[in-house]
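Bear in mind these aren't lab numbers, they're just calculated from the coordinates by the rules spelled out. Note that the coordinates shown come from a computational prediction; the quantities given were computed from them, not determined experimentally. A quick note on method: Cβ atoms are made from the backbone with ideal geometry, for glycine too, and the neighbour counts reach across all protein chains shown.
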Amino acid sequence: MSLCLGVDIGGTKIAASAVAPDGTILARARRESPAQDADRIERTVADLVEELTAQVSGSGEQVVAVGVACAGFIDRHGESVVFAPNLAWRDEPVKAHLEALTGLPVTVENDANAAAWGEYRFGAGRGVHDLLLVTLGTGVGGGIVTDGHLVRGAHGFGAEVGHLRVVPDGLRCGCGNTGCWEMYASGSALVREARAVVAGGGAHAAYLAGLCGEDPEELDGVMVTEAARAGDPAAVEVLETVGRWTGEGLASLAAVLDPGCVVVGGGVSQAGDLVLRPAREAFARHLTGRGHRPTPPVVVAELGNDAGMVGAADLAARAVGAGPSGR
Amino acid sequence: MSPAPTAPRAEKGDDPSLVVGVDVGGTHVKAGLVTATGDVLGLTRTDTSRSSEGLVDVVVGVVDGLLTAARGRQVVAVGVGAAGLVDHARGVVVLAPHLPWRDEPLRDRLEGRLRLPVVVDNDANAAARAEHRFGAGRGEPDLLLVTLGTGIGGAHLVDGRVQRGRHGLAGEYGHMTVVPDGRACPCGRRGCWEQYASGSVLGRAAEDLVRQGRPGTTMLRELCGGDAARLRGEHVTRAGLAGDPLAADLLAEVGRWLGHGLANLTSALDPGVVVVGGGVVAAGDLLLGPARRALAERLPGTGHRPVPPVRPALLGNTAGLVGAADLAREAGG
């Protein structure tokens, strides 16, 4: 059987896997990410390719292509990483370098695009040819599939939805602008709001304060979710707020794209219905033409942290004509 | 040795065949014979009909007339753009607020009577296709068309293909929320973009100023003959072009909101070009200048990424029929 490898290059680790044509992961490997050294990132990817190739060759599998995903701007031809916020790559010809190092055809994709593709092909949006994925993490990432094609945009900057302006003159964002969606609907927003609750003190904050030892800086998203699961009203409220903003932004995007399905991934999505129920409510309320149109389902991503790897591997398979013929 | 040269393959531009393009709007049915290079021959305009049957008859009559006018030149297909929700794959006009059609199987009905292949699409989709092929976004595969009228409509192309969405409802740009709990919109929600940046908003803003008797409204007052209720976006455009500072301010305000919404759309779609249509774009840079500045200022990563050019639409009110014809030609007419 012909296999493709998917590689997810992050700021702290590089995760790779051998992916079967049906999206199943057959083998995994990972390394620390030498994020600040452009050449070493590439050599590390090549090492991972070698390691996985050796692993699967025992069972007679052959690796035919490699798909690489990372956060950042990828040029529209999928050849260079123009800018990656967490990596040393600047206008780095990743495709050419990795092909020279591995001797295999290489596909390069933005991580959220690859994740959207993974969810579209094998995950929560399987078979829905118009799909919107948002990932709620440090920021808000996005991936768009329309009519069975990934929207990369004219310059490879498509689906960068985290900086949609949702509030005029709203909260100041690290990008320099104000009112960006990710200031309201990300994991960072969740933690910021929860820390504010703790800092405010009082009975309302007691549960969260207990979890972080009274130090707001120690509080993280997992603790907030845990508190909400235990029924802490303050934590539930914070998740509701983030969910509501998520739903409102999604409604604007749905007016533009008319997706058949909205997939929510990223750390915040692990809170499940605690965040998705308010998101769905706000989405339905703000969707234009409600009552006259079907409201697309808003569902949790199925592939979790593997979505980018699996999507990248499938995109690589299609680029070399090895994938199952999709749409 | 290379083989003997054969006749060069016919380029699209050499294709002598014609396609009938039809634009079915709320008041008129516009139609013409469209060449492979997007030229329109024999443009006609006919009053619409209030009945579903009658409107099909009008379209058939208009097409028949054009087939006769083609005088032996080969007509290979018919493309229809309709103002409403269209199920493109099935050729059905599902719902059209300004037309009598409901779930009208227009393609099948027309094909049965005209004996030609017919393609039916939404008028904004058709217009975007036309601007992509022959207009302000010629050759640009990732194009965003935003049309400012009563509301804000439009369509986008990705990799050269019009994107319709799951239910044919993509392109409702006017209903992106730009201000939480903002101005009320007839859609039942608040803060929709089209309450800040459409042609009708421009007219309404002028109307308010005239009613309040604000200083500097002399020209606007003259243009509406003293009746503020008659003020439309076009009046403001005309006053702005004539140098009226108040009108220029109104255009700049709408332009800024236009740019903010375009920044959101550009973040999502990353178009190679933004084409702005609708009557008010006659104001040119009075509107588009502030829009471009707001877009550039607002777009994340400005300085590290290209900002798409914002251009006025070129094809005006024939865009719908030209694009519908071209979609029909592409479909294999």
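What is the calculated FRET efficiency for A:GLU79 to B:ASP103, with r their C-beta to C-beta distance and R₀ = 56 Å, to the nearest 0.05? Working shown, then result.
Details: r = 47 Å, r/R0 = 0.84.
So, using R0 = 56 Å, E works out to roughly 0.75.
Please give the length that would be gained between A:ALA230 and A:ALA284 if that part of the chain were fully extended, namely 0.36 nm times their separation in residues minus their C-alpha to C-alpha distance (nm, one decimal). Mind dumping the intermediate values first?
Values: separation 54, 0.36 × 54 = 19.44 nm, distance 2.74 nm.
Result for the pair: 16.7 nm of gain on full extension.
What net charge do the residues around B:SER198 carry, taking every other residue with its C-beta under 12 Å from that of B:SER198, with Lys and Arg at +1 and Asp and Glu at -1?
On the way: positive: B:ARG183, B:ARG204, B:ARG232; negative: B:GLU194.
So the surrounding residues net to +2.
Can you list the HN-Hα couplings for segment B:94-109, worked out from phi with the Karplus curve (6.51, -1.76, 1.60; θ = phi - 60°), rounded to whole Hz and with x for Gly and Pro?
6, 7, 9, x, 10, 10, x, 7, 9, 6, 7, x, 4, 4, 4, 5
By the scheme Lys and Arg +1, Asp and Glu -1, what is the net charge of all other residues having a beta-carbon under 11 Å from that of B:ARG113? Mind dumping the intermediate values first?
Details: positive: B:ARG109, B:ARG115; negative: B:ASP57, B:ASP64, B:ASP108, B:GLU111.
Residues near B:ARG113 contribute -2 overall.
How many Cβ atoms of partner chains, on average, are near each residue of B:145-157 if near means within 10 Å of its Cβ? Write out the running numbers ahead of the final one.
Details: counts 0, 0, 0, 0, 0, 0, 0, 0, 0, 1, 0, 4, 0.
Partner Cβ neighbours, averaged per residue: 0.
Given the C-alpha atoms of segment B:140-313, compute the convex hull and give its volume per residue in Å³. Please report the intermediate quantities before stating the final value.
Values: hull volume 20.4 nm³, N = 174.
Looking at segment B:140-313, the number lands at 117 Å³ per residue.
I'd like the orientation of helix B:52-69 relative to chain B: the angle between its Cα long axis and the longest Cα principal axis, in ° from 0 to 90, rounded to 10.
Its long axis makes an angle of about 60 degrees.
Measure nothing but the geometry: give the 0 to 90° angle between the long axis through the Cα atoms of B:319-330 and the longest principal axis through the Cα atoms of chain B, rounded to 10°.
30
Using just the alpha carbons, could you tell me how many Å³ per residue the convex hull of segment B:87-232 encloses?
Details: hull volume 26.0 nm³, N = 146.
Enclosed volume per residue, from the Cα hull, is 178 Å³.
Apply the Karplus curve 6.51 cos²θ - 1.76 cosθ + 1.60, θ = phi - 60°, to the phi angles in segment B:247-254 and return the couplings in whole Hz, x for Gly and Pro.
4, 4, 4, 4, 5, 5, 4, 5
What spacing in nm lies between the two simple spin-label points modelled at A:HIS149 and A:LEU26, each 7 Å away from Cα in the Cβ direction?
So the label points at A:HIS149 and A:LEU26 sit 3.1 nm apart.
Just grab the label-to-label distance for B:LEU41 and B:ASP15, each label 7 Å out from Cα along the Cβ direction, in nm (one decimal).
Once both label points are built, they end up 1.6 nm from each other.
Give me Rg/Rg_expected for segment A:128-301, where Rg uses Cα atoms only and Rg_expected = 2.2 N^0.38 Å with N residues. Working shown, then result.
Details: Rg = 16.5 Å, N = 174, 2.2 N^0.38 = 15.6 Å.
Here the answer is 1.06, to two decimals.
Give the Rg (one decimal place) followed by the Dmax (whole number) of the protein assembly as shown, computed from C-alpha coordinates and expressed in Å.
That works out to 26.9, 91 Å for Rg and Dmax.
Helix B:123-134 versus the longest principal axis of chain B: what angle, 0 to 90°, nearest 10, using Cα atoms?
Rounded to the nearest ten degrees, it is 80.
Could you grab the relative contact order for chain A? Cα pairs under 8 Å, six or more apart, rounded to a whole percent. It would help to have the intermediate numbers written out before the result.
Working: 745 pairs, mean separation 67.9, N = 327.
Relative contact order, chain A: 21 percent.
Starting at the first residue of segment B:70-81, write each ³J(HN,Hα) from the Karplus equation 6.51 cos²θ - 1.76 cosθ + 1.60 with θ = phi - 60°, in whole Hz, x for Gly and Pro.
5, 6, x, 5, 5, 10, 9, 6, 10, x, 10, x
Once you order the gyration tensor axes a ≥ b ≥ c over the Cα atoms, which shape class does segment B:23-172 get: rounded for a/c under 1.5, otherwise prolate or oblate by comparing a/b with b/c?
On the way: a/c = 1.66, a/b = 1.19, b/c = 1.40.
Oblate is the answer for segment B:23-172, as a/c is 1.5 or above yet b/c matches or exceeds a/b.
Classify segment B:210-273 from the C-alpha gyration tensor, please: rounded if a/c falls under 1.5, else prolate or oblate depending on whether a/b exceeds b/c. Write down the numbers at each step before the final one.
Working: a/c = 2.94, a/b = 2.86, b/c = 1.03.
Prolate is the answer for segment B:210-273, as a/c is 1.5 or above and a/b outweighs b/c.
At most 11 other Cβ atoms within 10 Å plus a DSSP loop assignment makes a site exposed; report the longest stretch of chain B without any exposed trypsin sites (Lys or Arg not before Pro). Each step should come with its number before you reach the end.
Working: sites that count: B:ARG9, B:ARG50, B:ARG71, B:ARG115.
Looking at chain B, B:116-333 is the longest stretch - no exposed trypsin sites (Lys or Arg not before Pro) with at most 11 other Cβ atoms within 10 Å.
Over all alpha-carbon pairs of chain B, lay out the pair-distance distribution in 10 Å bins, whole %, shortest bin first.
6, 24, 30, 23, 12, 3, 1, 0, 0
Sticking with the crude label model, points 7 Å out along Cα→Cβ, report the distance from B:ARG214 to A:GLU99 in nm, one decimal please.
Label-label distance for B:ARG214 and A:GLU99, simple model: 5.9 nm.
Remind me, what semi-axes does chain A give for its equivalent ellipsoid, largest first in whole Å, using sqrt of 5 times each Cα gyration tensor eigenvalue? Don't jump to the answer; show the numbers that get you there.
Values: eigenvalues 241, 103, 67 Å².
Three semi-axes, in Å: 35, 23, 18.
Relative contact order for segment A:128-301: what is it in percent, counting Cα pairs under 8 Å that are at least 6 residues apart? Don't skip to the end; give the middle numbers.
Values: 315 pairs, mean separation 39.7, N = 174.
Normalised by residue count, the contact order of segment A:128-301 is 23 percent.
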